[in-house]
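What follows is one structure encoded as structure tokens, with my remarks underneath.
The values are calculated or read from the model by the stated rules, or taken from the named source; none is laboratory data. Because the structure is predicted, anything quoted here is derived from the model rather than measured. Glycine gets a Cβ as well: all are built from the backbone with ideal geometry, and neighbour counts include every protein chain shown. The accessibility values were calculated without ligands, DNA or RNA, using every heavy atom of the protein model including side chains. Shrake-Rupley method; radii C 1.70, N 1.55, O 1.52, S 1.80 Å.
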Amino acid sequence: MDVNLAQRMQFSSKWIESDKFYRKYPTCSLSLTSKLKAKQKLPVLVSAHFQSKRNKNGHKSVSLKAFCSYKHSASVLESGSSSASSDESLILKNKSQEVGPCINGRCIYLVGMMGSGKTTVGKILSQVLGYSFCDCDSLVEQEVDGTSVAEIFKLYGEGFFRNKETEALKKLSMMHRLVVSTGGGAVIRPINWKYMHKGISVWLDVPLEALAQRIAAVGTNSRPLLHHESGDEYTKALRRLSTLLEERGEYYANANARVSLENIAAKLGYRDVSSITPTAIAIEVELRLDRARDPLDG
Ligand SMILES: Nc1ncnc2c1ncn2[C@@H]1O[C@H](COP(=O)(O)OP(=O)(O)O)[C@@H](O)[C@H]1O
Ligand SMILES: O=C(O)C1=C[C@@H](OP(=O)(O)O)[C@@H](O)[C@H](O)C1
């Protein structure tokens, strides 16, 4: 949606700068034509009525009506609606073009608890950055003749899996232009950090309840560390994940950047983190990569 607005806009009864609007509502696209930029000096009051609805596919649709009043007369400047998901994709693409040269081919390691979205977000990021995607668990499975992670745990134990995971991270650390989805437990070994610090690591910090909901929706079969609990899938996942997070929280904090879903929800005005799309999370990862570039330079 392309709505011409003057410099300031009224939104939800408070005044905000148009550039702040982008930061607060990254799914919205507003632009000033050069003609309107010139007209900014006119004493016009522009206000916008903004409505966001979710359609049956779960995609957010945003409609905006912009009003302009000048010398006691008011008129609708422009109105329209658009799907937030397509806006998000565009923002992500634009941000990738900015961030790409800064990260300069370094690998991106996504760390976080099981179910935090490392694979889902990692695939999206790799695509927009023109990187390859690698799932560290899949690499381990390949190394053990296609045996699944759950089977590896059952047949050879966790120690064997952790050694294979370290070997896989060592191999990956010699590569470039990869987005790596690491296993949730990769953070516990200091040697793994030595490898991951060759690239840029980002912690996807997702509240436990949301993790348990996601995992319960797909079942715990592929996640052997969740097998020992009793109860329904949600309770089982929540109980075990909370112990694991207590043990691991400080290790995740070793990452170069943290993307907190609670913070994204607050920023976007969502009550619940489950409304945040993987694309919106990928945008936030790129914003962090952008900010992380200075201390990482050189
Ligand atoms: N932002 C999101 N909103 C809702 N569900 C998500 C989101 N990100 C991932 N999921 C779902 O959560 C589950 C776990 O995601 P996944 O990417 O496999 O996590 P990880 O690789 O960190 O274990 C999958 O079923 C995925 O579809
Ligand atoms: O948290 C963990 O220790 C694990 C997480 C899993 O990966 P995901 O985080 O991709 O589910 C997998 O590596 C293994 O089941 C152990």
Can you list residues whose amide H is under 5 Å from ILE200's amide H, if they're 5+ apart or on another chain and H is modeled 1.01 Å from N? CYS107, ILE108, TYR109
Which FRET efficiency value, to the nearest 0.05, do you get for LYS154 and LYS194 by plugging their Cβ-Cβ distance into 1/(1 + (r/R0)^6) with R0 = 25 Å? 0.30
According to a simple spin-label model (label point 7 Å from Cα along Cα-to-Cβ), what is the distance in nm between GLN127 and CYS102? 2.3 nm
How large is the accessible surface of ARG223 in square angstrom, using a 1.4 angstrom probe and rounding to the nearest 10? 70 Å²
Solvent-accessible area of CYS134, probe 1.4 Å, all protein chains present, reported in Å² to the nearest ten, please. 20 Å²
Pull out the extension gain between ASN163 and LEU208, defined as 0.36 nm times the separation in residues minus the alpha carbon to alpha carbon distance; nm, one decimal. 13.5 nm
Using a 1.4 Å probe and counting only protein heavy atoms, arrange PHE153, PHE161, PHE133 so the residue with the most accessible area comes first. PHE133, PHE153, PHE161
Taking only Cα atoms of segment 118-214, the Rg to Rh ratio with Kirkwood Rh works out at 0.96
What does the convex hull of the alpha-carbon atoms of segment 178-276 project to on average, in nm²? 7.2 nm²
Could you work out how much longer the chain between HIS228 and SER275 gets when fully extended? Use 0.36 nm per residue separation minus the Cα distance between them, nm to one decimal. 13.9 nm
Too long at a 22 Å Cα-Cα cut-off: which of LYS194/LYS236; LYS118/LYS171; LYS93/LYS198; LYS123/LYS171; LYS171/LYS194? LYS194/LYS236; LYS93/LYS198
Computed ³J(HN,Hα) along segment 250-260: with the Karplus parameters 6.51/-1.76/1.60, θ = phi - 60°, integer Hz and x for glycine or proline, the list is 5, 6, 4, 5, 6, 5, 5, 8, 10, 10, 9
How much accessible surface area, in Å² rounded to 10, belongs to the heavy atoms of ILE283 with a 1.4 Å probe? 10 Å²
